[in-house]
Amino acid sequence: MAVDYAHPWTGLIQALKFNDGCELAPPLAELMAQRVTSCGASADLLVALPLHEERLRSRGFNQSWLLAQALGRQLGLPATAKALTRWRRTEHQVALGHRERRLNVQGAFMPDPLHGRQLEGQHIALIDDVMTTGPPVMPPAWRP
């Protein structure tokens with residue numbers, strides 16, 4: 001988690017996600033890079049969480065992929081948007097409680113049949129725009 005999901009960050013993240021604010025990905029990724037560097041975390045591969053095809057079609061881009069690309073450039077790490085697939089549509093997480101969020105995404109992702117092998121033997125970092133259920137299961141090095 002690079003920043004708390006509170007003012008002014010919520011507005012910037014929402015602008016990236018819902019208002020075609022693609023130019024915000026590099027500065028937000030810079031904040032992520034600073035956090036990763038300060039806590040000494042490491043990974044071999046950055047993996048963007050995929051959007052369901054319907055959401056990708058309506059939004060026109062995957063904000064997690066934009067962040068993963070920018071973060072990869074800043075940290076000198078490879079990034080991919082092809083290793084995982086989102087095989088079922090999920091509800092937006094914003095109105096759900098912690099338990100409901102976990103259930104909502106449970107089983108929604110799987111390795112992509114064509115590209116998932118690149119995950120084997122890799123220490124991966126999953127990249128998403130907002131961490132809604134992460135803190136209880138994050139490794140200690142990634143905790144704020």
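Laboratory data are not the source of any read-out in this text; all were calculated from the coordinates shown. Remember, it's a predicted structure, so these values are computed and weren't measured experimentally. Cβ: placed from backbone, ideal geometry, glycine included. Neighbour counts: every protein chain shown.
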* To do: Just need the relative contact order of the stretch 9-95 here, percent rounded to a whole number, with Cα pairs under 8 Å and 6+ apart.
  => 33
* Asked: Looking at Asn104, Gly116, Gln74, which one has the Cα that reaches farthest to the positive end of the dipole of the stretch 9-136 (charges on Cβ: Lys, Arg +1; Asp, Glu -1)?
  -> Asn104
* To do: Work out the length of the dipole vector of the stretch 67-113 about its Cα centre, built from +1 on the beta-carbon of each Lys and Arg and -1 on the beta-carbon of each Asp and Glu, and round it to the nearest 20 debye.
  => 40
* Label the stretch 28-118 by shape, choosing from rounded, prolate and oblate, from the square roots a ≥ b ≥ c of the eigenvalues of the Cα gyration tensor; if a/c is under 1.5 it is rounded, and otherwise prolate applies when a/b is larger than b/c, oblate when it is not. => prolate
